[in-house]
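What follows is a set of notes on a single structure, which appears directly below.
The values are calculated or read from the model by the stated rules, or taken from the named source; none is laboratory data. Everything numeric here is computed off the predicted structure, so don't read it as measured data. Every residue, glycine as well, gets a Cβ built from its backbone with ideal geometry; the counts of neighbours run over all protein chains shown. All accessible areas refer to the heavy atoms of the entire protein, side chains included, with ligands and DNA or RNA removed. Shrake-Rupley method; radii C 1.70, N 1.55, O 1.52, S 1.80 Å.
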Amino acid sequence: MIGLTALLTYLADMIASDVADVWKERVMSGWSRRSLLGSMGLAALGQTAFASLPKTRTRQSENLKKKSLPKLALEDYLPKSMLHVRETQVPRAMFPVIDFHTHLSWSGRRGQKTEAHNNATPEEVLPVMDRKNVRMMVNLTGGYGAVLDETINYWHKPHSDRFLVFTEPWFEKIREPNYPQFQADQITRASALGARGLKLLKTLGLYLREQITTGPLVKIDDRRFDPMWEAAASHKMPVAIHTSDPEAFFLPTDRFNERFEELNAHPDWSFHGKDFPTNLELQEARNRVIARHPRTQFVVLHVGDSENLGYVSDLLDRFPNMHVEIGARIGELGRQPRTSRKFFDKYQDRILFGTDAVPRGDDTPQQIFGEALYEIYYRFLETEDEYFDYAPAPKPPQGRWRIYGIGLPESILRKVYYENAARMLGLASL
Ligand SMILES: [Zn+2]
């Protein structure tokens with residue numbers, strides 16, 4: 001039937017068009033008269049031989065096509081899966097959870113003053129935690145100086161069994177001659193205040209420059225930070241480090257970029273061109289830091305390079321003081337479920353649960369703190385459901401694909417949800 005329809009369309013084209021032109025096009029496209037006749041013969045026999053029809057069409061048929069198929073903007077395309085597959089609800093995690101990667105607050109400028117901005121109140125967050133079986137949230141962006149005091153007083157002090165706070169480096173001071181020792185002393189101070197770890201944003205490697213916002217980029221393995229890494233080890237503070245970003249962020253934002261829509265929505269996330277190092281250069285600099293400070297425990301956030309689990313596996317084999325956290329990367333892990341499952345099996349003692357949750361983080365749907373977010377993570381880790389959304393959003397925000405659950409056994413879930421983080425944070429086992 002298809003063959004016959006295509007044949008009729010083709011013949012209509014021939015009659016309606018300038019025949020000489022059509023033949024010229026046919027010859028140009030390498031399609032011989034013999035194959036035309038052959039196709040016609042097969043079509044007459046009711047077979048679908050028109051797979052071999054030339055791609056070149058006449059102007060008339062192109063025009064017809066344009067009229068019958070309206071153009072659809074990529075942003076308006078919302079295909080619904082027609083798969084009939086199991087949909088498992090996982091309202092609570094199988095074991096209590098430590099969410100190792102959240103942003104309950106951040107440091108913001110008001111005039112000359114840096115102050116703490118809370119994205120929510122503990123009273124808003126705690127009921128969600130209780131319903132989702134989240135025992136502890138680690139607020140990584142606790143800041144430094146007075147902001148750190150404020151943040152610890154707001155989140156940790158009144159609920160010390162539910163919220164922990166990490167500190168961050170005081171990068172604005174990097175130009176000062178005594179910065180290396182100053183920064184190490186700040187870690188000591190943060191530890192005394194109750195901070196439980198050190199967080200490095202991707203600022204180091206991608207934003208911080210010699211004159212803060214101008215000049216050459218400061219390298220991740222810059223020697224000025226050596227006393228800071230050592231101080232973290234001395235105070236048993238794990239270092240949560242975000243280095244680099246998805247590989248597609250380092251490529252042109254064009255039609256071949258698998259994160260085109262995400263980069264289009266956040267053009268400042270593109271690190272293509274200019275003086276940016278490559279994804280690999282950034283990671284290699286971080287690796288040199290991990291190698292140089294074997295006493296320091298590093299939790300590489302976002303799995304490090306979640307598109308390349310082979311590379312991450314090599315690093316985990318090389319560095320016993322390296323661990324990974326999965327926040328905002330189940331979109332990557334879940335589209336390679338067989339590789340991911342093997343990765344979790346092999347490194348089950350070194351993978352930490354995290355979501356990168358931001359209360360009211362509306363411009364990054366994969367991070368909006370709430371029940372829906374946790375349910376997706378639990379579904380990914382606990383079930384073997386197929387082809388579901390990795391973010392609570394009508395459109396996959398990090399790339400146009402869906403994910404598959406990896407159905408981890410209880411023994412691994414217990415470690416990933418709780419035990420691995422508890423060990424690093426000095427908390428009691430379950
Ligand atoms: Zn984060």
If each residue of separation counts as 0.36 nm, what is the full-extension length gain between residue 126 and residue 76 once their alpha-carbon separation is subtracted? 14.3 nm
Where nothing but the Cβ of Lys and Arg (+1) and of Asp and Glu (-1) is charged, how large is the charge dipole of region 213-321 around its Cα centre, in debye to the nearest 20? 600 debye
For region 316-430, what is Rg from Cα atoms divided by 2.2 N^0.38 Å, rounded to two decimals? 1.06
Reduced to Cα centres, the span from region 133-192 to region 298-338 in Å works out to 25 Å
Show me 109-119, 406-416 ranked by packing, highest mean number of other Cβ atoms within 10 Å first. 406-416, 109-119
Per residue accessible area of region 133-228, 1.4 Å probe, in Å²: 39 Å²
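For region 289-371, just say rounded, prolate or oblate: build the C-alpha gyration tensor, square-root its eigenvalues into a ≥ b ≥ c, call rounded for a/c under 1.5, and beyond that prolate if a/b exceeds b/c, oblate if not.
Cα axes put region 289-371 in the oblate bin.
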Please give the FRET efficiency for residue 269 paired with residue 372, using the beta carbon to beta carbon distance and R0 = 30 Å, rounded to the nearest 0.05. 0.80
Between region 395-413 and region 221-269, what's the alpha-carbon centroid distance in Å? 22 Å
Near residue 219, which aspartates and glutamates are there with a Cα under 14 Å away, not counting those fewer than 8 places off in the same chain? 210, 275, 281, 284
What does DSSP give for region 124-257 in terms of the percent of beta bridges that are antiparallel, rounded to the nearest 5? 30 percent
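Carbon and sulfur together cover what percent of the accessible area of region 360-412 at a 1.4 Å probe radius?
That share works out to 46 percent.
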For the peptides 334-341, 80-87, what is the packing order when you average, over each peptide's residues, the other Cβ atoms within 10 Å and list the highest mean first? 334-341, 80-87
Between residue 345 and residue 402, what is the label-to-label distance in nm when each label sits 7 Å out along the Cα-to-Cβ direction? 2.6 nm
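Is the shape of region 362-430 best called rounded, prolate or oblate, per the rule: a/c under 1.5 gives rounded, else a/b larger than b/c gives prolate, else oblate, with a ≥ b ≥ c the square roots of the Cα gyration tensor eigenvalues?
Oblate, since a/c reaches 1.5 and b/c is not below a/b.
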Separation between the residue 338 and residue 387 pseudo-spin-labels, each 7 Å from Cα along Cα→Cβ, expressed in nm? 1.7 nm
Sequence of 349, 221 when ordered by accessible area, the most exposed leading, probe 1.4 angstrom: 349, 221
